[in-house]
1. Got a sec? What order do H213, H31, H219 fall in by accessible area at 1.4 Å, biggest, i.e. largest, first?
2. Mean residue ellipticity at 222 nm from the helices of the chain, using -39,500 (n - 2.57) per DSSP H segment of n ≥ 4 over the full residue count, to the nearest 500 deg cm²/dmol?
3. Would you please report the Å³ per residue occupied by the convex hull of the alpha carbon atoms in segment 43-82?
4. Once you have a ≥ b ≥ c as the square roots of the Cα gyration tensor eigenvalues for segment 91-174, tell me rounded if a/c is under 1.5, and otherwise prolate or oblate according to whether a/b is larger than b/c.
5. Consider all pairwise Cα distances in segment 100-236 and report the whole-number % of them above 26 Å.
6. Using only Cα atoms and rounding to the nearest 10 degrees, what angle (0 to 90) does helix 151-164 make with the longest principal axis of the chain?
7. Determine the order of R83, R141 by accessible area, beginning with the largest, at a probe radius of 1.4 Å.
8. What do you get for the angle between helix 228-239 and the principal long axis of the chain? Use alpha-carbon atoms, 0 to 90 degrees, nearest ten.
Amino acid sequence: MTATETIIQIEDLTKIFYTDEIETHALSGVHLNINRGEYVAMSGPSGCGKSTLLSIIGLLDTPTGGRYTLNGKEVANLNFADRSRIRNQEIGFIFQSFNLIGDLTVAENVELPLTYRAGMPSAERKRRVQESLERVNMAHRMRHYPAQLSGGQQQRVAVARALAGSPSILLADEPTGNLDSKNGEAVMKLLQELHSEGATICMVTHDPRFAAHAERQIHLFDGKVVAEGELNKLLAEVEA
């Protein structure tokens, strides 16, 4: 495996939402490559298509047009079962709202996605849970419930859950959005550590301070990828 191996290849991707005979063009011809080991931040104003693009990359949504290749496999228009299987094996999600299940312990939350891996023995699941919680310094809280944790601790557990499946890429959607600045910085430091260990990360954030942690920034405006200078010009025109 080399650092220049392309994990995600997106060509001319479009997404149109239809409501009451109105067409909303959420994505309008996006081209994007992400290589193994990269740390990419996607930013732009509200409604520019960041979360829509992340949902398509994460196989939570399908594009209207264009091509999406994940690890060399065309995945844009797979059936539901294949999408679910590939999503479970290849993609780790970190959400703004943590998405932990309140009546499951920390360990059970981290293990849950692994239970959908056909043929994975219980002992292997337990080993992965232990290792991923140790990586985020939360192994000592594995028998606690989410309500017994701070927001920063819950997000660390969410990161552990994403790591447990050994995904090809981590997708983080505003991972600091529900955290105070101190916990937000702690989560950013954790993501940087994971990247230094070889993790591939694609993060959506509206905060330029956190976007600056990534090694490459992608700017979206009106459903298109634009250069930073062009984005600033467009934003200035909107505000004028």
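1. Values: H213 45, H31 115, H219 20 Å².
From most accessible down to least: H31, H213, H219.
2. Values: 8 runs with 85 residues, N = 240.
Theoretical 222 nm ellipticity from helices: -10500 deg cm²/dmol.
3. Working: hull volume 3.3 nm³, N = 40.
About 82 Å³ per residue, rounded to a whole number.
4. On the way: a/c = 1.65, a/b = 1.20, b/c = 1.38.
Note, shape of segment 91-174 comes out oblate.
5. On the way: 2863 of 9316 pairs.
Result for the distance tail: 31 percent.
6. 90
7. Numbers: R83 20, R141 45 Å².
Descending order: R141, R83.
8. With both axes taken from Cα atoms, the answer is about 70 degrees.
The values are calculated or read from the model by the stated rules, or taken from the named source; none is laboratory data. Not measured: the values here are computed from a predicted model. The accessibility values were calculated without ligands, DNA or RNA, using every heavy atom of the protein model including side chains. Shrake-Rupley method; radii C 1.70, N 1.55, O 1.52, S 1.80 Å.
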